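Take a look at the structure set out below.
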Amino acid sequence: MKKLTGIICFALILGFSSAANAQDADDSKVKKEVKEGAHAVEKGAKKTGQKTAEVASKGKAKVTDEVYKDKVGPNGETIYIDNHSKYYWVDKKGHRHYVTEAQLKAKVD
């Protein structure tokens, strides 16, 4: 009976030590996966924030400023006219880009 108890204790100790070593080896993989996941979340959050800023800026421009119906921007963007009669378009990050009347192109339907 003492031999059986000793063998069981030895097997348990051996099992715990090998599990601890396996955990250390997997730990670096887990850290790498967490880092990659955090990067993906950060990238997604940034993209979502930029899209939100774009939608908010365009929405505000449509409400407060006039849309120039006959002309488009240098790359086909919608042109808005503010209360100071300046022309601008809104980019993907929600920033206004002012343009001169000479930079505007005729709208092609």
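Okay, residues lined up against (1) out of contact with any Lys or Arg (no Cβ under 7 Å at 6 or more places or on another chain); (2) at pLDDT below 70; (3) under 30 Å from D91 (Cβ atoms):
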| position | (1), (2), (3) |
| --- | --- |
| S17 | yes, yes, no |
| D27 | yes, no, no |
| V30 | yes, no, no |
| A40 | yes, no, yes |
| K47 | yes, no, yes |
| A53 | no, no, yes |
Check your understanding: Got a sec? Which of Y68, Y87 is within 30 Å of K46 (Cα to Cα) and more than 29 Å from the chain's Cα centre (by Cα)?
Key -> Y87
Exercise for review: Go through the residues of the stretch 40-51 one by one and say whether even a single one is surrounded by 10 or more Cβ atoms within 10 Å (Cβ to Cβ), outside any helix (DSSP H, G or I) and among the aliphatic types (A, V, I, L, M).
Suggested key: no
Check your understanding: Identify, please: which residue in the stretch 56-92 is hydrophobic (A, V, I, L, M, F, W, C) and in contact (Cβ under 8 Å) with a residue 12 or more places away in the chain and is, among those, farthest from V108 (Cα to Cα)?
Key -> A56
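The values are calculated or read from the model by the stated rules, or taken from the named source; none is laboratory data. Just so it is clear, the model here is predicted, and its values are computed rather than measured. Methodologically, a virtual Cβ is constructed for each residue, glycine included, from the backbone with ideal geometry; neighbour enumeration extends over all protein chains shown.
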